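Notes follow the structure.
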Amino acid sequence: MSLTELGPFADAGLLLLASLAAGPKHGYAMLADVEEMTGVRMGPGTLYTTLARLQQRGWIEALPAEEARRPYRLTEAGGEVLQAQLRRLERFTASGLSRMGLERATGGGGRA
Amino acid sequence: MSATPAGLLAPYIVRLYPRPWRERYGTEALDLLELRAPTWGDVWDLGCHLVYHWLHPDVIADGEGSSADSVAGLLSALRSSEIVIFWAFVAAMIAWLQFGGLVDGGPYLPLVASAGTWPFFGTRPANGISAALAAQTAAVDLAFAAMLAGGVPLAVSAWRRSPAVRRYFIVPLAAFVAAVVPVPIAALVRGPVATINLTFATPITDVYCVWFVGLAAASALALSRAVASGELGEGLLRYAYVPSVVVTVALLLLLGTTIAWGIAAHAETPTLFDAGNIARGSATAASWLLDVLVMAGAAGLAVLATIRGASGHAVALRRSA
């Protein structure tokens, strides 16, 4: 299982999985969270297409709707996919910084 | 709801999404648009994904398309794709017949010639016009063969398995008679059929051409209704998708060869191609362009339908495995 299965929606999938890692959220809360985490304003079309892809693979699941809003939560499989991808990104970040001759930032936004 | 133009437009785009998508996400998507003032970027994003969902109905399938409703939806998408390709075929063939009016018996006829014989592939065209016409004929033959290979089994199955839809088949039979009967009558009134100019040159042939197109459209509509409402097996739908893909390829070839013909005609006989009696049967750039536009629309529609049908075909293949 890998996020690359999502094809062009892999990046959006990573953002949504990371958002749901903090607990169940409905669509608007996910978009706000993603924007706060990354500065990326995700469109509503991208949101629901990616949610469908994530649900299709069983990486997230829908909870009972609260009026018009339906929360989603990360499943165990989704958590494993997210963790694996974040580990890969961690190794990539460390490798990239090392190649640039920069010390890797270890919390709190350190610099070279 | 946001009163900005983008905010007013966005909910309408949501309502254009396929029904399964709206049933699952429609309510919450509209609620989300209430909470967050949509921008033009959001409208663009919704529009792009609208196209994506119409082309990929499998995205909303539960559990990788295993639920009965999802499978039925995908198979329905497959069937409607095949019907759309049939319609695209009919439109392209009507444009091709009109194109034939430019060439058959027209001023281009003397230019169509062969320069000799190829060892394995028949005659060798003498010029670009002849080469394009030969390739175009091959594309039309391919389209017809694939349409017969895919369409006849569907029509026969609808006839055999669904007695209620048999009434639809009366229309193409009646249309055939209605299309053929005027020809001997015209021959009696105006002389032998061979002398009738079928290139939109006279008011009576104008009327006949409109009549012919109307009959073709009525027949296509009746046959597609029969296939749409008939009981068709999953295996048959799966099979028919393959010829429908071939039809799509043939329509693209038809478009390409018709464009090539225009380029060749413009290069080889510019006075004939660029001048002329526009849209009245003589070979003109305007009537060629009209045919190209119709063929391009038909081919584009067929390509979209082919993409949309691919998900249903994949599900049908998985279930047969």
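Rule-based calculations on the coordinates, nothing more; no lab input. None of the values given here were measured: they were computed from a predicted structure. Here Cβ is always computed from backbone atoms with ideal geometry, including for glycine, and neighbour counts include all displayed protein chains.
Note that the range B:229-237 has calculated 3J(HN,Hα) couplings of 9, x, 7, 10, x, 4, x, 5, 4 Hz, one per residue in order, obtained from phi through the Karplus relation 6.51 cos²θ - 1.76 cosθ + 1.60 (θ = phi - 60°); glycine and proline are x.
Measuring max minus min along each principal axis, the C-alpha atoms of chain A give extents of 52, 28, 23 Å (largest first). Note on B:30-43: average number of Cβ atoms from other chains within 10 Å of each residue's Cβ is 4.
The mean number of partner chain beta-carbon atoms within 10 angstrom of a residue's beta-carbon across peptide B:10-23 is 1. For the pair B:Ser76 and A:Met37, a Förster radius of 45 Å applied to the C-beta separation gives a FRET efficiency near 0.65, rounded to the nearest 0.05. Taking Cβ atoms as reference points and 13 Å as the exclusive limit, the residues near A:Pro44 contribute a net charge of -4, counting Lys and Arg as +1 and Asp and Glu as -1.
Between B:Ala164 and B:Trp44, residue separation times 0.36 nm minus the direct Cα-Cα distance comes to 38.8 nm. Cβ under 14 Å from B:Leu223's Cβ, B:Leu223 left aside: what net charge do those residues give with Lys, Arg +1 and Asp, Glu -1? It works out to a net charge of +3. Other residues whose C-beta falls under 10 angstrom from the C-beta of B:Ala240 contribute a net charge of +1, scoring Lys and Arg +1 and Asp and Glu -1.
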